Structures are given as C-alpha cells and as structure tokens.
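*Asks:* The structure's right below; bear with me while I get my questions together.
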Amino acid sequence: MWSSATRWPRMPRAEAPAQMGSGATLARALTLHNQGCVLEAVSVCREVLAREPLNSDALYLMDLAMATLWDAGTAAHRGSMW
C-alpha cells in the first residue's frame, strides 16, 4: 500500500524544446505580419519550419498568415464581382 511518504520514481527531465532558439525569428515573423507584410512573415515561418517541422508557434503563425491571405483574396474576389 502507498503511503504519503512513498515517492514515485523520478522521471528523466525533458530537454528544452528545440523551438526555444527560434523565439526571436518568430517574433520577427509576428512583427512582419502585424505590419501587413504577410508574405514576408510566411517566408520567415517557413525558415523555422524547415529546421523544426513541429514548432507549434511557427505552425500557428503560418496558419494565421495563410488565413489572412485567404481573407484578402476572398475580399478581392468579392470586389471584382460587384
């Protein structure tokens, strides 16, 4: 039976995620996106994803940029219809 004094075996510590080194690069991508330079932000995200394909921040920013570009394309298409 387990008592409060019983300790679980220690698990090895996980190493810091690889994406930590990409923080400045992703901050630049976010700044570019906020300034309206969406295509440049996509390019920066692709650089990060080339090194770290599972970087969740880069994937999120890429998704955000693609949605922005899709919205802009849809708006331009709607404008040409009227």
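Bear in mind that the values in this text are calculations on the coordinates, not laboratory data. Note that the structure is predicted; figures quoted are calculated from it, not measured. Don't worry about glycine lacking a Cβ; one is built from the backbone with ideal geometry, like all the others, and counts go over all protein chains shown.
*Asks:* For an R0 of 25 angstrom, estimate the FRET efficiency from the Cβ-Cβ distance between Met66 and Thr31 and round to the nearest 0.05. Before the final figure, lay out the partial values.
*Replies:* Values: r = 18 Å, r/R0 = 0.71.
Efficiency at R0 = 25 Å is approximately 0.90.
*Asks:* Could I ask something else about it? Counting other beta carbons within 10 Å of each residue's own, what order do Val48, Val38 fall into, fewest first?
*Replies:* Fewest-to-most ranking of Val48, Val38: Val38, Val48.
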